[in-house]
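Following: one structure in structure tokens, then a few remarks.
The values are calculated or read from the model by the stated rules, or taken from the named source; none is laboratory data. Everything quoted here is computed from the prediction, not taken from an experiment. All Cβ positions, even for glycine, are placed from backbone atoms using ideal geometry, and neighbour counts span all protein chains on display.
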Amino acid sequence: MEDVDHLAHERSKAQFDVEEMKIVWAGSRHAFEVTDRMSRLVASDPIFRKDNRTLLPRKELFKNTLRKAAHAWKRIIELRLTEEEASKLRFFADEPNFTELHWGMFVPFIKGQGTDEQQKKWLPLAYKMQIIGCYAQTELGHGSNVQGLETTATFDPLTDEFVIHSPTLASSKWWPGGLGKVSTHAVVFARLIITDDRDYGVHGFIVQLRSLDDHLPLPGITVGDIGNKFGSGAYNTMDNGLLRFDNVRIPRDQMLMRISQVTREGKYVQSNVPRQLVYGTMVYVRQTIVADASCALARAVCIATRYSAVRRQFGSQNGGVETQVIDYKTQQNRLFPLLASAYAFRFVGEWLKWLYTDVTQRLQAKDFSTLPEAHACTAGLKSLTTTVTADSIEECRKLCGGHGYLSCSGLPELFAVYIPACTYEGDNVVLLLQVARFLMKTVSQLPSGMKPVGTTAYLGRVEDLMQCHSTVKKAEDWLNPSVVLEVFEARATRLSVACAQNLSKFAKQEEGFLELAADLVEAAVAHCQLIVVSKFIEKLQEDIPGKGVKEQLQTLCYVYALNLLHKHLGDFVATGCITPKQASLANDQLRSLYSQVRPNAVALVDSFNYTDHYLSSILGRYDGNVYPKLYEEAWKDPLNESVVPDGYHEYIRPLLKQQLRNARL
Ligand SMILES: CCCCCCCCCCCCCCCCC/C=C/C(=O)SCCNC(=O)CCNC(=O)[C@H](O)C(C)(C)COP(=O)(O)OP(=O)(O)OC[C@H]1O[C@@H](n2cnc3c(N)ncnc32)[C@H](O)[C@@H]1OP(=O)(O)O
Ligand SMILES: Cc1cc2nc3c(=O)[nH]c(=O)nc-3n(C[C@H](O)[C@H](O)[C@H](O)COP(=O)(O)OP(=O)(O)OC[C@H]3O[C@@H](n4cnc5c(N)ncnc54)[C@H](O)[C@@H]3O)c2cc1C
């Protein structure tokens, strides 16, 4: 097969230093080097092959995942990889499996909620994978409403134990990843009941589920997989599980006791910390999901951009070549905002990581003041970025036309793997309602002179923002960060204030919340979009080296903001932040920005530095050699192993003969 770069011409048009942009995308030179090394290590190892995933029956698929996870662990030990390198290796192995929950939730939960003694006991076992853990919170009948969980943990003072029990079918644990077939232990969320029969609400407990000798469930435990999920391959590599307890006894010291304790005498002692800290692992994971959203979106956009540059339709003159579909303004209008969103989510993800680290340090110093904001930001940005990413993967599939529907485009499996992100770690609507509560609380405190800080600081300028009008007079006026920021702040303020005013008309605030939920969600989205826009603008204040790199990012930042403005025109115009004329100027400016993105588009997706192994897409191949490889791939399908298909003699031949006989009659 020829070895040429079909996209070389595209790459030659780039107006910026791609190698420097790769470093901006990775976050630092060090991060770039680690990511690059780990992605190549995985790509060159045949055990991490994944091109056959969608064709394997579930049992084989699952066994193969176990094999890969074991191999990944072996390589991590052999190569003495650091925690950072190991997590990148798992990321590029690119197959959801139990280790995500072990490292991503079980370990962080013990770190966050365990006492020093508990950490000393459990963490070394978990770090060496001598035990494998999962996070068992959700139940068959209860997911979003954590306070409604039914599993009980009743203290027995006679034996100094907790008795873990599933009182109803609805209380069966349902969904935890890694639970179905692998985990030996789980962090179990259960209602704490003490001898006085008082219910102290949900707490976390470490429960051993399976024997460390023969992997059989321990007495009183019923455990299994919940069954096949959406799509082929995809998330079916994960053993999401079900779990029931029949009066299972665990020692008292297996309740995670950093936040609250039960003494030997059965006394409940609450540390001087907010009870919401029991939800801390969710805050941590939501923050990581935002960073993952930019990776998944970038992956889909990389495939769609490269393919749009390869694919040609219409426009041939005098027998010449047809037009590259990336040159159509409609294609650009659908694709370039997604490219801009990938970068926007990357930077807001970076900032959220900083916010999370900051709040963690404050918590250690017993400063809980920024916890509500950290909760609102992680919940809101998790919701916003996963919703957009899930929708955008599907849009990228459509941008690739018919070929996008082939498994080997990589997009169907990516979509199937990604969409549950809109549900897990908090349903996206439920999370936006949490943001709305935070906003309503902030607005209600304004009259008392309370100065909002952090991401709600803009609400402190409520009087100005309720009245301001954009000064834009010509299209280029939109290319000004303060002009853009002001309209996003004004829109978010006006939507929040309108909700607060409407809420005040209800005698009972909770009734108002239920009735106005749809408006509240819109106000929350406006607030979250403002955060993303403002963090992109802040990123551009940094010193960014490399020829043309900052200019490209500036262009993408305006594409991101002006496209949002165009999509939510109703909000911006109805709240009087901009006039219809200014909206039309924004649209003119957006079109002209697309022309600036166009020559750089392929280089901008090259800057993600994804290997062909990670992309697993023929349409998104680095060399753009799409048609020969699609042709080759078709012949690999098991259906093409024989010229005449199995079933011909039973079903096709008799049918044809019957039709022939009928025709003769
Ligand atoms: C092609 C192949 C590709 C392969 C790719 C492979 C890569 C795949 C992608 C990456 C994979 C990433 C791994 C992810 C694994 C997923 C694992 C999933 C795990 C789970 O889902 S675990 C279960 C998660 N469950 C939830 O999130 C439940 C959601 N519900 C809640 O969080 C709460 O119940 C609530 C927040 C909705 C309500 O809480 P509560 O009842 O207590 O209610 P109130 O509303 O009354 O709140 C009281 C006050 O507490 C504050 N609060 C609430 N939560 C928090 C918090 N977390 N932190 C701080 N404060 C919190 C509220 O704001 C209230 O405050 P107020 O001041 O009193 O108003
Ligand atoms: C792939 C996957 C992996 C998972 N992994 C784990 C895991 O490892 N551990 C674990 O414990 N759990 C896990 N979960 C469970 C997950 O956390 C829950 O599914 C999630 O929290 C949503 O809860 P739910 O399913 O109860 O949805 P529901 O709350 O029943 O939502 C159903 C619908 O009702 C709406 N709704 C609910 N409440 C409200 C409200 N107050 N106002 C307005 N609308 C509302 C929602 O928006 C949604 O449209 C996983 C789920 C999936 C899909």
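Quick rundown of the values:
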{"quantity": "Residue match in segment 466-478 (condition: of a type in the set (Phe, Trp, Tyr), surrounded by 13 or more Cβ atoms within 10 Å (Cβ to Cβ) and more than 24 Å from Leu381 (Cβ to Cβ))", "calculated": "yes"}
{"quantity": "Qualifying residue in segment 121-134 (condition: among the charged types (D, E, K, R) and more than 16 Å from ligand 1 (Cβ to nearest atom))", "calculated": "yes"}
{"quantity": "Flag if Asp246 is surrounded by fewer than 20 Cβ atoms within 10 Å (Cβ to Cβ), touching a strand residue (DSSP E or B) at 6+ places or on another chain (Cβ under 8 Å) and within 17 Å of Phe98 (Cα to Cα)", "calculated": "no"}
{"quantity": "Hits in segment 264-288 - residues which are within 17 Å of Gly114 (Cβ to Cβ) and hydroxyl-bearing (Ser, Thr, Tyr)", "calculated": "Ser271, Tyr279, Thr281, Tyr284"}
{"quantity": "Every residue from segment 434-455 that is over 14 Å from Cys528 (Cα atoms) and of a type in the set (Gly, Ala, Ser)", "calculated": "Ser444, Ser448, Gly449"}
{"quantity": "Qualifying position, being surrounded by fewer than 22 Cβ atoms within 10 Å (Cβ to Cβ), part of a helix (DSSP H, G or I) and either among the β-branched types (Val, Ile, Thr) or over 32 Å from the mean Cα position of the chain (by Cα) (or both), among Asp253, Asp214, Asp196", "calculated": "Asp253"}
{"quantity": "Selected residue [within 26 Å of Ser616 (Cα to Cα), surrounded by 15 or more Cβ atoms within 10 Å (Cβ to Cβ), over 21 Å from the mean Cα position of the chain (by Cα) and of a type outside the set (S, T, N, Q)] from Ile289, Ile303, Ile326", "calculated": "Ile326"}
{"quantity": "Conditions (1) more than 27 Å from Val605 (Cα to Cα); (2) within 16 Å of ligand 1 (Cβ to nearest atom); (3) modelled with pLDDT of 95 or more: number failed by Gln509", "calculated": "(3)"}
{"quantity": "Residue ID - modelled with the lowest pLDDT, chosen from residues in segment 240-292 that are touching a helix residue (DSSP H, G or I) at 6+ places or on another chain (Cβ under 6 Å) and closer than 15 Å to Ala186 by Cβ", "calculated": "Thr281"}
{"quantity": "Search result, residues across segment 82-117 that are surrounded by 19 or more Cβ atoms within 10 Å (Cβ to Cβ), out of contact with any Phe, Trp or Tyr (no Cβ under 9 Å at 6 or more places or on another chain) and over 16 Å from Cys134 (Cβ atoms)", "calculated": "Lys88, Leu89"}
{"quantity": "Enumerated helices (runs of 4 or more DSSP H) restricted to segment 8-111, each holding at least 3 residues that are under 22 Å from Gly180 (Cβ atoms)", "calculated": "58-78, 98-101"}
{"quantity": "Any hit, segment 181-199, residues being of a type outside the set (Val, Ile, Thr), in contact (Cβ under 8 Å) with a residue 12 or more places away in the chain, touching a Cys at 6+ places or on another chain (Cβ under 6 Å) and within 15 Å of ligand 2 (Cβ to nearest atom)", "calculated": "yes"}
{"quantity": "Residues being surrounded by fewer than 16 Cβ atoms within 10 Å (Cβ to Cβ) and more than 23 Å from Asp623 (Cβ to Cβ) - total across segment 3-57", "calculated": "8"}
{"quantity": "Options Cys422, Cys499; residue that is within 16 Å of ligand 1 (Cβ to nearest atom) and in contact with an Asp or Glu (Cβ under 6 Å, 6 or more places away or on another chain)", "calculated": "Cys499"}
{"quantity": "Hits in segment 112-122 - residues which are part of a helix (DSSP H, G or I) and under 20 Å from Met282 (Cβ atoms)", "calculated": "Gly112, Gln113, Gln118, Gln119, Trp122"}
{"quantity": "Of all residues in segment 130-148 being near ligand 2 (Cβ under 6 Å from one of its atoms) and in a loop (DSSP other than H, G, I, E, B), the one that is farthest from Phe245 (Cα to Cα)", "calculated": "Ser144"}
{"quantity": "Residue, surrounded by the fewest Cβ atoms within 10 Å (Cβ to Cβ), within segment 221-231, restricted to residues that are in contact (Cβ under 8 Å) with a residue 12 or more places away in the chain and over 20 Å from the mean Cα position of the chain (by Cα)", "calculated": "Asn228"}
{"quantity": "All positions within segment 359-376 that are within 13 Å of ligand 1 (Cβ to nearest atom), among the small types (Gly, Ala, Ser) and more than 17 Å from Val285 (Cβ to Cβ)", "calculated": "Ser369"}
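Condition check ((1) more than 9 Å from ligand 1 (Cβ to nearest atom); (2) outside any helix (DSSP H, G or I); (3) closer than 27 Å to Thr360 by Cβ) across all residues:
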residue	(1), (2), (3)
Thr378	no, no, yes
Leu381	yes, no, yes
Thr385	yes, no, yes
Ile393	yes, no, no
Lys398	yes, no, no
Gly404	yes, no, no
Leu431	no, no, yes
Leu439	yes, no, yes
Ser444	yes, no, no
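So that you can scan it fast, the table gives a plain yes or no per residue for (1) β-branched (Val, Ile, Thr); (2) part of a helix (DSSP H, G or I); (3) more than 16 Å from ligand 2 (Cβ to nearest atom):
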| position | (1), (2), (3) |
| --- | --- |
| Val388 | yes, yes, yes |
| Ala421 | no, yes, no |
| Thr455 | yes, yes, yes |
| Phe488 | no, yes, yes |
